[in-house]
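Student: Structure below; questions to follow.
The values are calculated or read from the model by the stated rules, or taken from the named source; none is laboratory data. Just so we're clear, the structure is a prediction, and the values are computed from it rather than from any experiment. With ideal geometry, Cβ positions are generated from the backbone for all residues, glycine too; neighbour counts draw on all protein chains shown.
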Amino acid sequence: MGSLRTVLDVRDLRVYYRTLAGIVRAVDEVSFTVGEAEVLGLAGESGCGKSTLGYSLLGLVPPPGRIEGGNVLIDGIDVTKLSEDELRRIRWSKVSMVFQGAMNVLNPVYTVEKQLVEVLTFHKGFSRREAVKSAVEALVQVGLNPELLKRYPHELSGGMKQRVVIAMALLLKPKLVIADEPTTALDVVIQAQIMNLLKKIKTEEKTSMIFITHDLSIIAEISDKVAIMYAGKVVELGSSEEIFNNPKHPYTQGLLRSIPRLGYKGKITWIPGVPPDLRRPPIGCRFNPRCPYVMDICRHKEPPTIEMGGEHRVACWLHTKK
């Protein structure tokens, strides 16, 4: 994987929400890369900053959030330096997003055709006939009948809506697609269809992806490498094999012990406690109040990022040289 051309390079990204109750450090000094045709799985509990990280890559952090620092290079272009007009040209052409909850993404008063054609006429300057032809091809690619173009979103099932949103994200053949919980609220049969579709797109189109979810079983199925987020920070990053077979961070270990797995002989447990308030995160390691291996230094100093070999790295005092 190290030889892949880098499509996304995130360096020390910080995204904060400045509220009346205090500053919420939703994404705090996060760094990672995604190579060509590579899938990065981004996992963690609700509220750890996964979706905010996804929105920030498109410059779509909702107010009162803002990017406070760091760099996001997509195909060599730093999107943090672009104006809103420049960002509009980058979105969907170089980076697109499959937003969480397809039923809330599609405009209920427009047909599927109008919503797909609009993307093509704005970004590509297509005539209506050219745009409709490309929209038909996009629906076929995601396994939908082109007749659905004339329908409104409320006439589609949940799985159909999700496929339309995926088709919209792929219309301009972007280098990077961010999928935010794309299988949430779908039954297991539709989930499997969506996962097979995404794997097919990755293989055929050489599309890079960031797959955001709290479901580690889905990440194991599609991801080349995995980033585990906790309280706004990436606490462990590595290949799927390293993360699932040799997890180093106590939080990653706790997540894996909480899900049933074939061949796993240990007891299924849970992580005690609750995620911290990001307005007032714990001093030192943010996981220290819930960690079974907590040491005195964990409560006072933030852990450094330790290289474990290859791309595997972990932010934990347990792995510093004594």
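Student: Just to be sure, is Ala26 of a type outside the set (Val, Ile, Thr), touching a residue at least 40 places away in the same chain (Cβ under 8 Å) and assigned to a loop (DSSP other than H, G, I, E, B)?
Tutor: Numbers: of a type outside the set (Val, Ile, Thr): yes; touching a residue at least 40 places away in the same chain (Cβ under 8 Å): yes; assigned to a loop (DSSP other than H, G, I, E, B): no.
Against the criterion (of a type outside the set (Val, Ile, Thr), touching a residue at least 40 places away in the same chain (Cβ under 8 Å) and assigned to a loop (DSSP other than H, G, I, E, B)), Ala26 does not qualify.
Student: Take Arg25 and tell me if it is in the same structural domain as Lys202 (by TED's automatic domain parsing), under 26 Å from Glu307 (Cα atoms) and among the charged types (D, E, K, R).
Tutor: So Arg25 fits the description; yes.
Student: Would you pick out the residues in the range 290-313 that are in contact with a helix residue (DSSP H, G or I) (Cβ under 9 Å, 6 or more places away or on another chain), within 26 Å of Ile23 (Cα to Cα) and outside any loop (DSSP other than H, G, I, E, B)?
Tutor: Arg290, Ile297, Cys298, Arg299
Student: Residues Gly47, Gly41, Gly54: which one is surrounded by fewer than 22 Cβ atoms within 10 Å (Cβ to Cβ) and not hydroxyl-bearing (Ser, Thr, Tyr)?
Tutor: Gly47
Student: Only one residue in Ala227, Ala231 is of a type in the set (Gly, Ala, Ser), out of contact with any strand residue (DSSP E or B) (no Cβ under 7 Å at 6 or more places or on another chain) and modelled with pLDDT of 90 or more, so which one is that?
Tutor: Ala231
Student: Kindly indicate which of Thr207, Thr252, Thr183, Thr213 is at pLDDT below 85, crowded, with 19+ Cβ neighbours inside 10 Å and of a type in the set (Ser, Thr, Tyr). Can you show your working first?
Tutor: Numbers: Thr207 fails: at pLDDT below 85; Thr252 fails: at pLDDT below 85; Thr213 fails: at pLDDT below 85.
None of the other options fit; the residue is Thr183.
Student: Now, a different point. Among the numbered conditions (1) over 29 Å from Val34 (Cα atoms); (2) assigned to a loop (DSSP other than H, G, I, E, B); (3) in contact with a helix residue (DSSP H, G or I) (Cβ under 8 Å, 6 or more places away or on another chain), tell me where Lys265 comes up short.
Tutor: Result: Lys265 passes all but (3).
Student: List the residue pairs whose Cβ atoms are under 9 Å apart, where the first residue sits in the range 132-161 and is outside the structural domain of Leu116 (by TED's automatic domain parsing) and under 20 Å from Ile201 (Cβ atoms), the second is of a type in the set (Asp, Glu) and assigned to a helix (DSSP H, G or I), and the two are 6 or more positions apart or on different chains.
Tutor: none
Student: Among residues belonging to the range 255-269 that are more than 18 Å from the chain's Cα centre (by Cα) and of a type in the set (A, V, I, L, M, F, W, C), point out the one that is surrounded by the fewest Cβ atoms within 10 Å (Cβ to Cβ).
Tutor: Here the answer is Leu262.
Student: Among the residues of the range 29-69, what is the count of those that are more than 27 Å from Ile306 (Cβ to Cβ), of a type in the set (D, E, K, R) and part of a loop (DSSP other than H, G, I, E, B)?
Tutor: Here the count works out to 1.
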